[in-house]
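Read-outs throughout are calculated quantities, based only on the coordinates presented, and are distinct from any laboratory measurement. In this text, all values refer to a predicted model and were calculated from it rather than measured experimentally. Counting neighbours? That spans all protein chains shown, and the Cβs are built from the backbone with ideal geometry, glycine included.
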Amino acid sequence: MKSVYELKMTIDGEAVAAEETLPVINPATEEVIAAVPQASKQELDAAVAAAKKAFSSWAATPIDERGEQLSRLADAIYANREELATLLRLEMGRPQAAALGEIDGASYWLKEVAKQRLKREVIEETENHRVERYFTPLGVVGAIVPWNFPFALSIWKIAPALLAGNTVVVKPSPYTPLTALKIGEIACGILPPGVLNVVSGGDDLGRWITEHPDVNKISFTGSTATGKKVMQSAASNLKRVTLELGGNDAAIVLPDADPAKIAKPLFWAAFRNTAQVCIATKRMYVHEDIYDAFLNELIEYAKTVKVGDGADPATELGPIQNKMQYEKVMDLIEDTKRIGASIVLGGDIEDKPGYFIPVTIVDNPPEDSRVVVEEAFGPVLPVLKYRDFDEVIARVNNTNYGLGGSIWGKDVDLAQSIAERLETGTVWINEVSVLSPHYPFGGHKESGLGVENSLDGLAEYTNSKTIMVNKKRSY
């Protein structure tokens, strides 16, 4: 494998280093595995200028040709899947199989988005008058990507932005820049110079992008607190924004559900990727009739799941990705202990290298406790008891978040009626975290603004333009 130390930024189709570098740490070992460029303001300006220069010719390229180039990029990603998965394992600490799954899923995603088309809409066609609606690209898109799914979420932004005719400047998280930088390297042989630029750096770089006068749209995935700052910065030139922010998703388990059958899928709903998932189940409401039986099944299954370094093939859950988040999750566990809540599994941190936190389950803590109210973004799950449906709906909706949620049980009609009352962008019934390039995805309340994926998500990277023709007049 090519050394990760050789990864550089991509600006105007060229590999670019920087005077300063940032260390990249493997969270499973706490060892520095790479040093990547820390872009200066001048290097960002160069990337934006390259994207702006490339925009006119890229926007004028027929969409079928743009789609074909994106499909070729997907093929190239798949051809490099093993190297990309290893880079992802190193920067995430995640099991190799899970990393490979993210790479393969992103390659598929890119292929599917490349086929999408926003069609011109004829609103009116009469003998005297024609009205048509068009979709036109915005210009330069700034794509700011988080650390929890750094490769997949880069593709979520790159694919529709480029297909719509925009050019892109990608900024990965400083914690997980390796796979995004590799995308830029791979794309150099496929996309015209300046169409896709990848720059790496810290918080200053993100602020420079959101404030930049030549960036026309920001697509940001991250915390709600940071999303609010992004929106404020974007107001400087009324940039379009799409914000996919935090969540405190709830699962509701109906009284007719079978505890033995749902324990495993609900475990993974909560703890996949070490619970570092915006749409992870972060609160689990279980009807009192089956609460004890379900909690026991969940604990017994959790005991079978191996937590460790992703380099070990037996590992199923890796570490928290970075020290800052690790300390936040540890503080949440300590607060849970301080209030006297019952931790029925986990809760004790081993003194060893790596940002490892065991699967931690809390038995029916107070509704206003931090472990229930806050988004943990780590493997700490409160399981809560409820009695009636109006009560649980009110409790689930009592949050500033509104990203997703799920309902589990045999009575699908009942589940549907509850789903329609939940204040979230997505509700799954007897499944969870099912996403597709063809399904719209977005948050309500403080969980986001705008839509990703599907034709609705593609339209977010365009302006709507109406052209009207008076057929009877000619001057």
Taking θ as phi - 60°, what are the ³J(HN,Hα) couplings along the range 285-302 by the Karplus curve (6.51, -1.76, 1.60), each to the nearest whole Hz, with x for Gly and Pro?
-> 9, 10, 4, 4, 5, 10, 4, 4, 5, 5, 4, 5, 4, 5, 5, 5, 5, 4
Any idea how many Lys pairs in the range 1-114 come in under 24 angstrom at the alpha carbon, given 8 or more places apart or on separate chains?
-> 5
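Quick check: residue separation of Ser436 and Ser342 times 0.36 nm, minus the Cα distance between them. What number comes out in nm?
Working: separation 94, 0.36 × 94 = 33.84 nm, distance 3.77 nm.
Gain on stretching Ser436 to Ser342: 30.1 nm.
With viscosity set to 0.890 mPa s at 25 °C, what whole-number translational diffusion coefficient in µm²/s follows for the range 153-284 from Stokes-Einstein and a Kirkwood radius over Cα pairs?
Numbers: Rh = 17.1 Å.
Answer from the Stokes-Einstein relation: 143 µm²/s.
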Amide H partners (placed H, <5 Å) of Glu31, local residues excluded = Asn26
What aspartates and glutamates sit close enough to Lys465 to cross-link, taking a C-alpha to C-alpha distance under 19 Å and skipping anything fewer than 8 places away on the same chain?
-> Glu121, Glu124, Glu125, Glu132, Asp456
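Using alpha-carbon pairs under 8 Å, 6+ residues apart, how would you state the relative contact order of the range 188-282 in percent? Don't skip to the answer; put the middle values down first.
Working: 75 pairs, mean separation 21.5, N = 95.
Contact order relative to length: 23 percent.
Under the definition of Cα pairs under 8 Å and six or more residues apart, what whole-number percent is the relative contact order of the chain?
Values: 1077 pairs, mean separation 87.7, N = 475.
After rounding, I find 18 percent.
Report, in deg cm²/dmol and to the nearest 500, the calculated mean residue ellipticity at 222 nm for the chain, where each DSSP H run with n ≥ 4 adds -39500 (n - 2.57) and the sum is divided by the residue count.
Numbers: 15 runs with 180 residues, N = 475.
The helix contribution divided over the chain gives -12000 deg cm²/dmol.
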Using θ = phi - 60° and the Karplus curve 6.51 cos²θ - 1.76 cosθ + 1.60, what whole-Hz ³J(HN,Hα) does each residue of the range 230-238 get, with Gly and Pro shown as x?
-> 4, 5, 5, 5, 5, 5, 4, 10, 6
Debye, to nearest 20: dipole size of the range 201-269, +1 on Lys, Arg Cβ, -1 on Asp, Glu Cβ | 140
Ranking Val371, Cys188, Thr224 by how far each Cα lies towards the positive end of the charge dipole of the chain (+1 on Lys and Arg Cβ, -1 on Asp and Glu Cβ), the top one is Cys188
Virtual spin-label span in nm between Arg81 and Arg387, 7 Å along Cα→Cβ = 5.3
HN-Hα J couplings of the range 331-347 from phi, Karplus 6.51/-1.76/1.60, θ = phi - 60°, integer Hz, Gly and Pro as x?
-> 5, 5, 5, 5, 5, 4, 5, 4, 7, x, 5, 8, 8, 9, 7, x, x
Computed over the range 250-429, the relative contact order (Cα-Cα under 8 Å, seq sep at least six) in percent reads 27
How about Lys323: which lysines have a C-alpha closer than 19 Å to its C-alpha, ignoring those fewer than 8 places off in the same chain?
-> Lys352
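Where both partners of a DSSP beta bridge lie in the chain, what percent of those bridges are antiparallel, to the nearest 5?
Working: 30 of 68 bridges.
Of all bridge pairs located within the chain, approximately 45 percent are antiparallel.
Which percent, to the nearest 5, of DSSP beta bridges fully inside the range 250-429 are antiparallel? Intermediate results must be reported in sequence, preceding the final value.
Values: 3 of 24 bridges.
Close to 10 percent.
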Debye, to nearest 20: dipole size of the range 250-429, +1 on Lys, Arg Cβ, -1 on Asp, Glu Cβ = 400
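Here are some pairs, Lys217/Lys328; Lys261/Lys410; Lys264/Lys306; which of them have Cα atoms lying more than 21 Å apart in this structure? Mind dumping the intermediate values first?
Details: Lys217/Lys328 31 Å; Lys261/Lys410 11 Å; Lys264/Lys306 14 Å.
Going by Cα-Cα distance, Lys217/Lys328 fall outside the 21 Å limit.
Dipole size in debye (nearest 20) for the chain around its Cα centre, Lys and Arg Cβ +1, Asp and Glu Cβ -1?
Details: 49 positive and 65 negative charges, 354 e Å.
Dipole size: approximately 1700 debye.
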